[in-house]
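Bear in mind these aren't lab numbers, they're just calculated from the coordinates by the rules spelled out. Just so you know, these numbers come straight off a predicted model, no measurement behind them. Cβ placement follows ideal geometry from the backbone for every residue including glycine, while neighbour counts extend to all protein chains displayed.
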C-alpha cells in the first residue's frame, strides 16, 4: 500500500475517532427526560432510555478500540494486512471500513461461519 493511501486512511481514522469521542461524551451526559419519575410510566421511559444509551455507548467504545488498533497498525507499518490470511486488505473494504482487520474473502468466511 502506498504512503499516500495510508495517510488517507490515517486521516479518515483520526476524524472518525474524534467524532466517536464526541458522541461518547454526549452519551455520558445525564439524561433529563422531563418526566415525573414518581409515576411508573416515567420510570419505564427512563429505564428504556438508559438501556439504549448504554448499548450505544458500548458499541461506540468497541468501534473506538478498533480505530485505535488500526492507528497502531499504521504506526507499526502493518496496516491493511488481513489478520487471518496475511494478504493485503482490498481498498474497497478499507474505503467502507477503515479499521477492517480482515480482507473481503476472510470477512465472508467469518460471516458464513457465524451463520452456521
Expected unfolding gain across residue 116-residue 104 under the 0.36 nm per residue rule, minus the alpha-carbon gap, is 2.5 nm
Length gained if residue 96 through residue 15 is fully extended, taking 0.36 nm per residue and subtracting the Cα-Cα distance, is 27.7 nm
Output ordering of 75-88, 58-71, 97-110 (per-residue mean of other Cβ within 10 Å, highest first) is 97-110, 58-71, 75-88
